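These notes concern the structure reproduced below.
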Amino acid sequence: GGSIPHGGKLVDLLVRGDQQVEALKQRAINLPSLLLTRRHLCDIELILNGGFSPLDQFMDEETYNGVVENMRLPSGVLFPMPITLDVTKEFVDSVIATTDRDIALRDEEGNLIALMNVSSIFKADKDKEARLSMGSIDPFHPGVASILATKEYYIAGRLQGAQLPVHYDYNGLRRTPIEVRNMFKEKGWKNVIAFQTRNPMHRAHRELTVRAAELNPGCNLLIHPVVGMTKPGDIDYHTRVKCYKSIIGSYPEGLAELSLLPLAMRMGGPREVVWHAIIRKNYGCTHFIVGRDHAGPGEDKTGKPFYEPYQAQENALKYESELGVKILPFQMMVYVANHDRYYPVDQVPQGEETSNISGTKLRHLLRTGGEIPDWFTYKEVVGILRESCPPRHKQGFTIFFTGFSGSGKSTIANALNEALLASGSRAITLLDGDVVRTFLSSELGFSKDHRNLNIKRIGFVASEINRAGGIAICAPIAPYEESRKFARELVNNSQGGFVEIHISTPIEVCEKRDRKGLYAKVRAGQLKGFTGIDDPYEAPQNPELRIDTTNTSVKDAIHQILDYLTKEGYLTQ
Ligand code: PPS
């Protein structure tokens, strides 16, 4: 069933039969191994299973140049996106040293994915590749950034597939092109409209896809979201797949199916849309929906979009007849409250007011726990999104104290711990300097490297606590900006808020207090390299709070901190 594959024949590079696969693995044992990156794994999955047909290997030099310059394979067939395998000079040398130039392509677990007979080795022309395929050399463009980050050399050659990259999630929904085609055949689907997405789906998407089917009688729908790599900052695919599974039930019986695509997107707009259509054609689809800003990379540093909003759509239409896939151009869908329904923005009845919620607005509503209206999405979808992106008062966060020995960090940290335990129910871990140095960093001393490493470890533990929804209170000296910044980034990457509090009590006051008698030891020459005396302390430039305990009581300090946390939404009143 379905359309003719691009270039005429569906590629299938997997070796069949247990013995044959075993023989391949045996041969691979003594070959140079190349560890495939995440992007390589996405690309090779679609080369091996035919998703990129008629491409049947990573691009050799001639193919690469033709695709970059003219969007064509040497055979003349349209193909817009360079698909390359980048390696280091050292790896090239190790390939040249072999007699027959066979190498083993493996995933990070060591699983053999394919054997490759290297027949083309060439230097990447990254500038030209970015300029022509992405229309930009600005590293702010995620596709350009990823080209610039590739290694110096590209290699290519015949592939023998041992297995597709291994996945442990949603295997029932990760259908290959042949499996999708078989599914269409079983269902008796002749004409299928594909819908590409890298975002959660809401009512507008459901309306748009149903409308596409209504306007093209006899067509069914394949909801075909990307679960490989999408734009950095996108909602993770686990959350999205939960949304898709939920929304697929809202379609009229028998109209739509969901299948997942392990594609590594490049965010290349006009070229990428043509590539997406080719891929869907290989999966047996006959029609392809292209909306506003398809595969758009967003804006550059100055806030200017890399592409015009309908540039991708126009390019898809330009190649429509050659592609042999019917392009269904759509304007953005907006909600008209007076009619309680969605319209394409260019077909809104005159004088009617429209509403819409952007992705940015939605994220804001989720973060602040704001209300998300029923006209916008489905209750179940809201529930799934809220769970993966809880409001701040349900999220983990890190309180990171920094300051001299004896500045009052530990005292305030302990008091804050008690105050939070008394008023809330979130789990709290207190990572005081002494505790950390006993259980986490007992082998470390007080050199710059060791102090930095100590803080990085604290940041890592705090980030894991935050990931699980808990509060981490840390109270090391943390004299260096470098490792404080590192800790902040780790925490932010695990969905935690990072609240840096500089306990800025001057060194003279700390020394006068000298609770542990350490300053006396320093003055007596028994302790060297002591922070603030004969070792550096880089005061934080922009801490969330700064508290000097010279004339501030512990009670007042706690008050200030709780006020800040409440104001920022980490605590409820
Ligand atoms: S760091 O720099 O953040 O890794 O330090 P930290 O883990 O907080 O450890 C500081 C505690 O170790 C004791 N101590 C020293 N501090 C500073 N400099 C030197 N040379 C030193 N040697 C031992 C000191 O008791 C610190 O504890 P606090 O609680 O800050 O007084």
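The values are calculated or read from the model by the stated rules, or taken from the named source; none is laboratory data. Just so we're clear, the structure is a prediction, and the values are computed from it rather than from any experiment. When we count neighbours, we look across all protein chains shown, and the Cβ atoms used for this are built from the backbone with ideal geometry, even at glycine. Each accessible area value is taken on the protein alone, full model and side chains, heavy atoms only, with ligands, DNA and RNA left out. Shrake-Rupley method; radii C 1.70, N 1.55, O 1.52, S 1.80 Å.
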Check: Do we find that residue 190 is closer than 21 Å to residue 3 by Cβ, out of contact with any His (no Cβ under 7 Å at 6 or more places or on another chain), in the same structural domain as residue 329 (by TED's automatic domain parsing) and of a type in the set (Lys, Arg) in this structure?
Finding: yes
Next item on the list: Report the residue count in region 460-469 for those that are in contact (Cβ under 8 Å) with a residue 60 or more places away in the chain and surrounded by 14 or more Cβ atoms within 10 Å (Cβ to Cβ).
Entry: 6
Note to self: If I filter region 19-37 for residues that are within 30 Å of residue 187 (Cβ to Cβ) and in contact with an Asp or Glu (Cβ under 6 Å, 6 or more places away or on another chain), do I get at least one hit?
What the structure shows: no
Margin query: Only one of 541, 560 is away from the ligand (no atom under 16 Å from the Cβ), polar (S, T, N, Q) and part of a helix (DSSP H, G or I). Can you tell me which?
Written below: 560
Note to self: Can you find, within region 509-549, the residue that is farthest from the chain's Cα centre (by Cα) among those that are loosely packed, with under 12 Cβ neighbours inside 10 Å and closer than 30 Å to residue 395 by Cβ?
What the structure shows: 541
Checklist line | Among residues of region 172-211, those that are closer than 25 Å to residue 52 by Cα and assigned to a helix (DSSP H, G or I), counted | finding: 12
Check: Could you list, in sequence order, the residues of region 387-404 that are within 15 Å of the ligand (Cβ to nearest atom) and open to solvent by 20 Å² or more (accessible area, probe 1.4 Å)?
Finding: 404
Note to self: Being outside any helix (DSSP H, G or I) and within 16 Å of the ligand (Cβ to nearest atom) is the filter here; which residues of region 486-510 pass it?
What the structure shows: 500, 501, 502, 503, 504, 505, 506
Item checked: Residue satisfying condition, being of a type outside the set (Lys, Arg), assigned to a loop (DSSP other than H, G, I, E, B) and either over 26 Å from residue 467 (Cβ atoms) or open to solvent by less than 50 Å² (accessible area, probe 1.4 Å) (or both), within set 552, 572, 566 -> 552
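I'd like to know if region 481-500 contains one or more residues that are under 15 Å from residue 405 (Cα atoms) and open to solvent by less than 30 Å² (accessible area, probe 1.4 Å).
Scanning region 481-500 turns up no residue that is under 15 Å from residue 405 (Cα atoms) and open to solvent by less than 30 Å² (accessible area, probe 1.4 Å).
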Item checked: Conditions (1) open to solvent by 30 Å² or more (accessible area, probe 1.4 Å); (2) within 29 Å of residue 567 (Cβ to Cβ); (3) over 24 Å from the mean Cα position of the chain (by Cα); number of the one not met by residue 383 -> (3)
Notebook entry, point to check: Which residues, taken from region 417-449, are within 13 Å of the ligand (Cβ to nearest atom) and surrounded by fewer than 13 Cβ atoms within 10 Å (Cβ to Cβ)?
Noted result: 434, 438, 439, 442, 443, 445, 447, 449
Check: Can you find a residue in region 210-221 that is under 24 Å from residue 167 (Cα atoms), open to solvent by less than 10 Å² (accessible area, probe 1.4 Å) and touching a residue at least 12 places away in the same chain (Cβ under 8 Å)?
Finding: no
Item checked: Hey, residue 407 open to solvent by 70 Å² or more (accessible area, probe 1.4 Å), outside any helix (DSSP H, G or I) and either assigned by TED's automatic domain parsing to the domain that holds residue 536 or within 12 Å of the ligand (Cβ to nearest atom) (or both) or not -> no
Margin query: Only one of 358, 410 is polar (S, T, N, Q) and out of contact with any strand residue (DSSP E or B) (no Cβ under 7 Å at 6 or more places or on another chain). Can you tell me which?
Written below: 358
Margin query: Given the criterion in the same structural domain as residue 531 (by TED's automatic domain parsing), modelled with pLDDT of 95 or more, among the polar types (S, T, N, Q) and part of a loop (DSSP other than H, G, I, E, B), identify the matching residue among 441, 483.
Written below: 441
Checklist line | Subset of region 457-480 that is part of a helix (DSSP H, G or I), more than 10 Å from the ligand (Cβ to nearest atom) and not aliphatic (A, V, I, L, M) - its residue that is nearest to residue 407 (Cα to Cα) | finding: 459
Next item on the list: Specify which of the listed residues (337, 316, 312) is closer than 17 Å to residue 203 by Cβ, touching a strand residue (DSSP E or B) at 6+ places or on another chain (Cβ under 7 Å), of a type in the set (A, V, I, L, M) and in contact (Cβ under 8 Å) with a residue 12 or more places away in the chain.
Entry: 337
Check: Can you find a residue in region 322-342 that is touching a Pro at 6+ places or on another chain (Cβ under 6 Å), more than 23 Å from residue 192 (Cα to Cα) and open to solvent by less than 40 Å² (accessible area, probe 1.4 Å)?
Finding: no
